[in-house]
1. Please count how many residues of segment 108-132 are near ligand 1 (Cβ under 7 Å from one of its atoms) and touching a Ser or Thr at 6+ places or on another chain (Cβ under 6 Å).
2. Counting only residues that are within 16 Å of ligand 2 (Cβ to nearest atom) and of a type in the set (Val, Ile, Thr), how many does segment 227-283 have?
3. Taking strands (runs of 3 or more DSSP E) that fall entirely within segment 65-181, which contain at least 3 residues that are closer than 27 Å to residue 320 by Cβ and within 16 Å of ligand 2 (Cβ to nearest atom)?
4. So is residue 268 in contact (Cβ under 8 Å) with a residue 12 or more places away in the chain, of a type in the set (A, V, I, L, M, F, W, C) and surrounded by 13 or more Cβ atoms within 10 Å (Cβ to Cβ) or not?
5. For segment 115-171, enumerate the residues that are of a type in the set (Val, Ile, Thr) and more than 23 Å from the chain's Cα centre (by Cα).
6. May I ask you to list pairs of residues, at least six apart or on different chains, whose Cβ atoms are under 6 Å apart, with the first in segment 207-224 being within 16 Å of ligand 1 (Cβ to nearest atom) and the second being in a strand (DSSP E or B) and among the aromatic types (Phe, Trp, Tyr)?
7. Against the conditions (1) near ligand 1 (Cβ under 8 Å from one of its atoms); (2) out of contact with any His (no Cβ under 7 Å at 6 or more places or on another chain); (3) not aliphatic (A, V, I, L, M), where does residue 95 fall short? Just the number, please.
8. If I go through segment 225-280 residue by residue, how many of them are part of a loop (DSSP other than H, G, I, E, B), within 16 Å of ligand 1 (Cβ to nearest atom) and among the β-branched types (Val, Ile, Thr)?
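The values are calculated or read from the model by the stated rules, or taken from the named source; none is laboratory data. Note that the structure is a prediction, hence the values are computed from the model and not measured. Don't worry about glycine lacking a Cβ; one is built from the backbone with ideal geometry, like all the others, and counts go over all protein chains shown.
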Amino acid sequence: RYQKVLEENRKLYNQMQDLKGNIRVYCRVRPLIGQQNSCGVVGSVEEESISLVTSSKNGKEVKKTFTFNKVFGPSATQGEVFSDTQPLIRSVLDGFNVCIFAYGQTGSGKTHTMSGPDNITEETVGVNYRALRDLFCLLEQRKDTIHYDISVQMLEIYNEQVRDLLMTDASNKRYANLVPVSSTADVLNLMSLGQKNRAVGSTAMNDRSSRSHSCLTVHVQGRELSSGNGLRGCIHLVDLAGSERVDKSEVTGDRLKEAQHINKSLSALGDVISALAQKQSHVPYRNSKLTQLLQDSLGGQAKTLMFVHISPEPEALGETISTLKFAERVSTIELGAARANKESGEVKELKEQIASLKATIARMK
Ligand code: ADP
Ligand code: MG
């Protein structure tokens, strides 16, 4: 009977994940620098929506509300932000492909979410490290039934050119260098090598990192010990280039070229996700290097999570609105508030059932 309850729990859980859909958009609001917990132009933060306070021509305050699958306010911790992505990480070991993106203007907190701040501690490490730690922990738990091989890859896309960040050989003739790893410590070493390589050849590292996409990919290959059956899954953790628009009248030369490449690839990504969210028959993968590279992990059974970051400063308002509009375009939520409500009602019901099953399990132990 215990097994049956466990099985039922797992079934409900999967049902809940299905209801949440394969494309999710979460919003994270950065705190005002130097003022923890302050919201700036962000008027209110609910679990699934945020409101911006803007003023109109006649000086009246205007509230604009945007809806997401989940919203994290300025006081949300790295741990809280990660806890919702945990089921996605687990699905990689079951053979699913997953993409997690950080989108937003430069300075909005993308790198903070994915990697953490400059001086990382156990509390402040980002999604990348937590995801890998979880993977290694889970495969240890499953080691009596499945053998897993894990390897990682780190790429940078700059001006539509792909560069391997884990190549020790500077010629970089090929990319897709997969490095086998057996512990989170291995991965940390590779990540710092990647960071160093990213800085090479650029005079201002921060500039470069805000104008290129970086992608950490973890490939998982599993073999079931009893049957010999194999499975493959992978997760792409992508810190996107800054989404800010540049004033074309002010930039020329290399800067203009960079801006055009970023613009092109972010809108190509938006087009792909929005085509998938609307279940269109044609998905335009071929319009950028980023979407070509991730093609196998976007759509189909693959799961996508986009963290949309916004800065609360009044000066950032224009970019914040355009970021939120991008987010709305790629999310399914706007397709029908009624459906979204119905779904969140069903999710709530499932959550309650799961909680009561968990209590049963605890009692049976
Ligand atoms: P981006 O990668 O989008 O350019 P960063 O992640 O570098 O932005 O964030 C800009 C600055 O704001 C950094 O100093 C970072 O540590 C800080 N920051 C970003 N998000 C948060 C947060 N949620 N809590 C505290 N500090 C943050
Ligand atoms: Mg960054």
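1. Here the count works out to 2.
2. 2
3. Fully inside segment 65-181 and qualifying: 97-103, 146-158.
4. yes
5. Result: 145, 146, 168.
6. Hits for this filter: 212/158.
7. With respect to (1) near ligand 1 (Cβ under 8 Å from one of its atoms); (2) out of contact with any His (no Cβ under 7 Å at 6 or more places or on another chain); (3) not aliphatic (A, V, I, L, M), residue 95 is out only on (1).
8. Counting residues in segment 225-280 that are part of a loop (DSSP other than H, G, I, E, B), within 16 Å of ligand 1 (Cβ to nearest atom) and among the β-branched types (Val, Ile, Thr) gives 1.
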